[in-house]
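**Q** Sharing a structure with you now.
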Number of protein chains: 2
Amino acid sequence: MKPSSLPKPSNVAGDSTFRLLLRTIGNVRRILDPFFAKAGISGSQWAILWNLYRAEEDGHALLRVTDLGERLLIRPPSVTGAVDRLVRAGFVLRSNSDHDQRSKLIQLSPAGRRLVETLHAEHDKRVTSLMDVLSAAEQRQLNQLLHRFVTHLDEIQEGTGREPSAQRSSL
Amino acid sequence: MKPSSLPKPSNVAGDSTFRLLLRTIGNVRRILDPFFAKAGISGSQWAILWNLYRAEEDGHALLRVTDLGERLLIRPPSVTGAVDRLVRAGFVLRSNSDHDQRSKLIQLSPAGRRLVETLHAEHDKRVTSLMDVLSAAEQRQLNQLLHRFVTHLDEIQEGTGREPSAQRSSL
DNA sequence: GCGTATTATTTAGGAAGCTAAATAAAGATA
DNA sequence: TATCTTTATTTAGCTTCCTAAATAATACGC
């Protein structure tokens, strides 16, 4: 664990930023996951349930696999598997669309809705307390910097063909 | 894709920071991975090879599974699998320790070393260009904010029992 | 020296993501 | 209408991570 001499000239700044991003995400997960685990779900599953809940509030109780994937930044095959597990756990329902026989529609089950309502306030408090080390101004600053950075990355990709996809989402 | 009305009072700031972190990491991967793919490896594999390379430069050509896991922030069983694939690909060698018969030692193969040397400069340039949207001062600022944040998260975990682990590392 | 930690790795099994290809339904066009 | 293309989902198979448990070797304490 000694700091040790830095490797080379290299891009120390950029590289360490990436490592920091990775460490941050990793830490956030390790801190939040046990909370979800007590409720019998994973962080990824929370992200899905929470998304379905918000969609419902916005008047879209039923989402297609594709829509859900876009909101979560994951691809349709990943949605299928995740939804399978949530259906099996009883938190989500899958049905057919009347208008388009190709589509399956996903929605919260009553149990899923209850779970979200139970966990949400507490989760929110936890997130707030995690961010507490930074002052409000610093939080804004961090958000702005990340936003500028990620927007730039988005643009770089524009040309590169491929688009969405990522790892998880809302936490 | 409409910005849409925000869900609730909720912790909008904290939540959006997490989403930004996720989006950023996702974007970085999607941008860098194709570069590694052309060389026949994944981003995770690059992280391992690059770590072994730096260790070698620091005079530790042979790393135990545990050491490598600590550097990469992944757990030993994950190292085993990753090393298996790299051995199969011919970029890494696994041997027994003379001093401790429990340990296996991992090191770069000549082909692995050549690969790192071939890719490194180019990768470095790419990382630098990704960071370019932010000024040097902003990059420092981002690093500092992330560092403070992640250090705080580290501390929160101290008490919580568990320690390391994360997703990937050096990129 | 012998039995009991402890430590190092691997195995087994699972979650969550990916791409590519298969299937099925819609839509468009000729 | 019949064919062709596009869209929506799933299946198959892979990577990368995880935890828990099995295996093997070392180190400790008496």
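Every read-out reported here was derived from the displayed coordinates using simple, explicitly stated rules and does not represent laboratory data. Given the structure is predicted, the values throughout are model-derived calculations rather than measurements. Cβ placement follows ideal geometry from the backbone for every residue including glycine, while neighbour counts extend to all protein chains displayed.
**Q** Can you sort A:H123, A:H147 by how many other beta carbons sit within 10 Å, fewest first?
**A** Ascending Cβ contact count within 10 Å gives the list A:H147, A:H123.
**Q** Also: Quick one: A:E122, A:E70, fewest Cβ neighbours within 10 Å first, how do they rank?
**A** Going from sparsest to densest Cβ surroundings: A:E122, A:E70.
**Q** Suppose you put the label 7 Å out from Cα in the Cβ direction; list, shortest first and in nm with one decimal, how far B:H147 is from each other copy's label.
**A** Here B:H147 shows inter-copy label distances of 2.6 nm.
**Q** Also, quick follow-up: Treat the count of other C-beta atoms within 10 Å as a stand-in for reagent exposure and order B:S103, B:S44 from fewest to most.
**A** Arranged by neighbour count, lowest to highest, B:S103, B:S44 become B:S103, B:S44.
**Q** Here's a follow-up. How far, in nm to one decimal, is A:T128 from itself in the other copies if the label point is set 7 angstrom along Cα toward Cβ? Shortest first, please.
**A** Listed shortest first, these distances are 4.5 nm.
**Q** Can you work out ³J(HN,Hα) from phi for every residue in the range A:48-61, in order, using Karplus 6.51 cos²θ - 1.76 cosθ + 1.60 and θ = phi - 60°, giving whole Hz and x for Gly and Pro?
**A** 5, 4, 5, 5, 5, 5, 5, 4, 4, 4, 7, x, 10, 5
**Q** So how much slack lies between A:D98 and A:E117, counting 0.36 nm per residue of separation and subtracting their Cα-Cα distance, in nm?
**A** 3.9 nm
**Q** Taking each label point as 7 Å beyond Cα in the direction of the beta carbon, state the distances from A:H99 to the same residue in the other copies, shortest first, in nm.
**A** Label point to label point, same position, other copies: 6.9 nm.
**Q** What size of dipole, in debye to the nearest 20, comes out for the range A:82-166 about its Cα centre when the only charges are +1 on Lys and Arg C-beta atoms and -1 on Asp and Glu C-beta atoms?
**A** In debye, rounded to 20, the range A:82-166 gives about 420.
**Q** Report, in whole Å, the centroid distance computed from the Cα atoms of the range B:21-41 and the range B:80-100.
**A** 25 Å
**Q** With the Cα gyration tensor of the range A:23-171 giving a ≥ b ≥ c as the square roots of its eigenvalues, does the rule (a/c under 1.5 for rounded; else a/b larger than b/c for prolate; else oblate) give rounded, prolate or oblate?
**A** Oblate is the answer for the range A:23-171, as a/c is 1.5 or above yet b/c matches or exceeds a/b.
**Q** Given H placed 1.01 Å from N in the peptide plane, which residues other than close sequence neighbours of A:R64 have an amide H under 5 Å from its amide H?
**A** A:I106
**Q** Through the Karplus equation 6.51 cos²θ - 1.76 cosθ + 1.60, θ set to phi - 60°, convert the phi angles of the range B:26-42 into ³J(HN,Hα) values in whole Hz; use x for Gly and Pro.
**A** x, 5, 4, 4, 5, 7, 7, 4, x, 5, 5, 4, 4, 8, x, 10, 9
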